[in-house]
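Read the figures in this text as sums done on the coordinates, not as results from a lab. Predicted model, so just to flag it, every value in this text is computed and none were measured. Cβ sites come from the backbone with ideal geometry, for glycine too, and all protein chains shown count toward neighbours.
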Amino acid sequence: MSRPPRLVACALVLILAGASARAAYAQQAGSASPRDECIACHTTLEPRYAAPVAAFADDVHRQRGFACVECHGGDPTAADQALAKAPATGFRGAPRGQVQIGVCARCHSDAAFMRRFAPRQRVDQAAEYAASVHGKRLAAGDTKVAICTSCHGAHGIRVASDAKSPVFPTNVAATCASCHADASHMAGYTRPDGSPLPTTQRTDYEKSVHFLALTRRNDLSAPTCNDCHGNHGAAPPGVDAVSNVCGTCHAVFAAKFATSKHAPVFEKACVECHGNHAVAKPSEALLGTDATTLCAACHTDAEDPGFVGAATMRADIDGLKTGIERAAALIEQARLSGMEVSQQELALGEARNHLVLARTEVHAFSVETLKPVIAEGQAIVTRVERAGREALAELRFRRRGLAVSLGVILLVVVALAIKIRRIDREVEMEMRHVP
């Protein structure tokens, strides 16, 4: 199949013009390129028609040398509006719906063409979109769903790595929320069970440990909407896919959970304990049999093995955590007293690693697999505590030795002073008896 004429024309223009970003603005830049009547006309119109021209100045397509005609069609050399927008020119105006998908895909689905501008960029966005919830609804006639410009913008499009782009990681939640947090826009959309689709996802997400990592710690690898739901192929994770979605980042936890007794019975997998959008920072407070713990929501019978296991695991982890804190206090006291404790500090780091491993092992929900990790951690803590006590005992011994030494020195000084005074008196008496 031959390349569409418009794409051939784009490629030729880019080659001949050296992909100059000024090609579309020849009159402002003093270039010899033909005058773009689209720009000339729209800059004189009312704000809603002039705004796209101003926004396009920073558009990534403009920076690559593309002009209005590439997306809107028409004849950019014709000053007369009727001639510029004549059907024969291919004028399509503002492409919407499936037409817009086709316009964007005309370049972005062509691997050979895209290799000239963004070699690493994927070219299956249109295919993914067609398989997404948005794409399927659009194909069914729903014009309220998101299309390309809903997320990327229309005339001020920036690369995804640009912090001002609406699809930059820190901006994705706000971009998705422009539709999904709008109750009137989302009215009528339902979950598979028929219940209304909620509109609190963004406010819930902003309470999560993921959002805090992304915005407070500037961790751009922290998940936002598209990391779990996809971007072009956006779809809500099904019940059987949630643990796989979480497992893309939390692989060890997912592997442990897959071996647990909860895996076959937790319909929502990770979500059962951690939630989905408002994922709180996990802690030991989630584990145990107190009324405030998650385990107590299901395990209330003291004879229930799950109840006993939850209580045992919580006690073991708390014991290791307390032991580490106690040992750390001893070592810090010794360090502040001037004792060499660097080896003990390294050992404490290893004990803390075992605490982290224990928290990970909890996802297998097995006391038997948790016990060895706790035992190894406790053994390290015991050695560190013993070393800490020995260091403090050595410190006390040194201090007693120093006190005794100072006492002996003081006695010698006093004795010498007395002796000197006695000698002085004897010399003085001898001098008196000299004739």
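Counting Lys +1, Arg +1, Asp -1, Glu -1, what net charge surrounds Ser208 among other residues with beta carbon under 14 Å of its beta carbon?
Working: positive: Arg202, Lys207, Arg216, Arg217, Lys281; negative: Asp204, Glu206, Asp219, Asp227.
It works out to a net charge of +1.
The packing ranking, built from the mean of other Cβ atoms within 10 Å per residue, places the peptides 380-388, 345-353, 124-132 in the order 380-388, 124-132, 345-353, highest first.
So how far, in whole Å, is the C-alpha centre of region 163-241 from the one of region 328-372? Measuring centre to centre over Cα atoms gives 37 Å.
Between 0 and 90 degrees, the angle of helix 305-336 with respect to the longest Cα principal axis of the chain falls at about 60 degrees. Against the set (i) 325; (ii) 133; (iii) 164, the structure's computed volume of the Cα convex hull per residue in Å³ falls on (i).
All other residues with a Cβ under 13 Å from the Cβ of Met186 taken together, and with Lys, Arg as +1 and Asp, Glu as -1, what is their net charge?
Values: positive: Arg137, Lys144, Arg191, Arg202; negative: Asp142, Asp182.
Once positives and negatives cancel, what remains is +2.
Extension gain, Arg48 to Asp318, is 90.9 nm, computed as 0.36 nm per intervening residue step minus the present C-alpha separation. Of the residues Ala278, Ala112, Thr175, the one whose Cα sits farthest towards the positive end of the charge dipole of the chain is Ala112 (charges of +1 on Lys and Arg Cβ, -1 on Asp and Glu Cβ, taken about the Cα centre).
Calculate, for Asp80 and Ala118, the FRET efficiency according to 1/(1 + (r/R0)^6) with r their C-beta to C-beta distance and R0 41 Å; round to the nearest 0.05. For Asp80 and Ala118, the calculated efficiency is 0.70.
The residues packed around Ala160, meaning those with a beta-carbon under 12 Å from its beta-carbon, carry a net charge of +3 if Lys and Arg are +1 and Asp and Glu are -1.
May I ask you to sort Ile147, Ile331, Ile418 by Cβ crowding, counting other Cβ atoms within 10 Å and putting the fewest first?
Ile418, Ile147, Ile331
Largest GNM mean-square fluctuation across Val167, Val265, Val145, computed for the chain with C-alpha springs under 10 Å, falls on Val265. In this simple spin-label model, placing a label point 7 Å from the Cα along the Cα-to-Cβ direction at both Asp142 and Val404 gives a separation of 8.7 nm. Lysine pair count for the chain with Cα-Cα distance under 19 Å and sequence separation of 8 or more or different chains is 9. Taking 0.36 nm per residue of separation and subtracting the current Cα-Cα distance, fully stretching the chain between Arg389 and Lys207 would add 61.2 nm.
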